[in-house]
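Heads up: the structure comes next, in structure tokens.
No lab work stands behind these numbers, since they all come straight from the coordinates. Here the structure is a predicted model, which means the values were calculated and not measured. Virtual Cβ from ideal backbone geometry, glycine too; neighbours counted across all protein chains shown.
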Amino acid sequence: MASLNIVLVEPEIPQNTGNIARTCAVTGAALHLVGPMGFPLDDKKLRHAGLDYWPFLSLSYYDSLSQFFEKNTGNFDFAGRCFFFTTKAQKRHCDVKYPEDCYLFFGRESAGLPEKLLFEHPESCVRIPMMDQMRSLNLSNSVAVGVYEVLRQWDFPELLCSGELREFDWAKAKAEHPLSQFL
């Protein structure tokens, strides 16, 4: 499977990070946490929000954004594989084509990504559309929107795209209950 990388820069709320960890685990995305963070990694709220998904998560931690770039510079070409999610972007997140092995960057809840980083890479900045006068979506919701847009473009590789009922059989339901009965 092509790899998808989520980079959280200085997250402040442990519950958001825990929810994002769960999203990463269920989609196969790697999570990169860039400090300083607003909570310790052993925070109870962080662990609780991620439930029992932690063992299924590919997790890396960096002390700073500069350390992240130092350790990963050889892994990707900045121009085409890094996308900075920000309310300040000029183009929509769904208007770009996400290549394999891309990195989606999200900033801290109170301030977003550093503006200097955004200014230096305007072609890589993307925005999730929202109503005017609204500050932003919740961080964990923004990550989910970004992750699933990438996976949609990739046709959800290696993800189970249908499910089964516990007490009933879909095939039997289709045979016994024509669609007109549900209208």
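A few comments on the model shown:
- The distance separating the Cα centre of the stretch 1-25 from that of the stretch 51-125 comes to 11 Å.
- Net charge dipole size for the chain [Lys, Arg +1 and Asp, Glu -1 on Cβ; Debye, nearest 20]: 320
- Share antiparallel - DSSP beta bridges, the stretch 4-182, percent rounded to 5: 5
- Residue order for Glu158, Glu10, fewest other beta carbons within 10 angstrom first, comes to Glu158, Glu10.
- Dmax and Rg, reported as Rg then Dmax, of the stretch 4-182 (C-alpha, Å): 18.5, 61
- Springs between Cα atoms under 10 Å define the GNM used for the chain, and in it the highest mean-square fluctuation of Phe39, Phe106, Phe84 occurs at Phe39.
- Here the calculated FRET efficiency for Asp95 and Ser3, from their Cβ-Cβ distance with R0 = 22 Å, stands at 0.50, rounded to the nearest 0.05.
- Taking other C-beta atoms within 10 angstrom as a stand-in for reagent exposure, Trp170, Trp154 fall in the order Trp170, Trp154, fewest first.
- Once the Cα-Cα distance is subtracted from the 0.36 nm per residue extended length, the Arg81 to Trp54 segment shows a gain of 7.1 nm.
- Phe83, Phe168 arranged by Cβ crowding within 10 Å, fewest neighbours leading: Phe168, Phe83
- Segment Met131-Asp155, extension gain: residue separation times 0.36 nm, minus the distance between their alpha carbons: 5.8 nm
- Here Ser66 and Glu123 are evaluated by their C-beta separation; at R0 = 30 Å the FRET efficiency comes out at 0.90.
- Take every Cα pair under 8 Å whose residues are at least 6 apart in sequence, average their separation, divide by the length of the chain, and the relative contact order is 24 percent.
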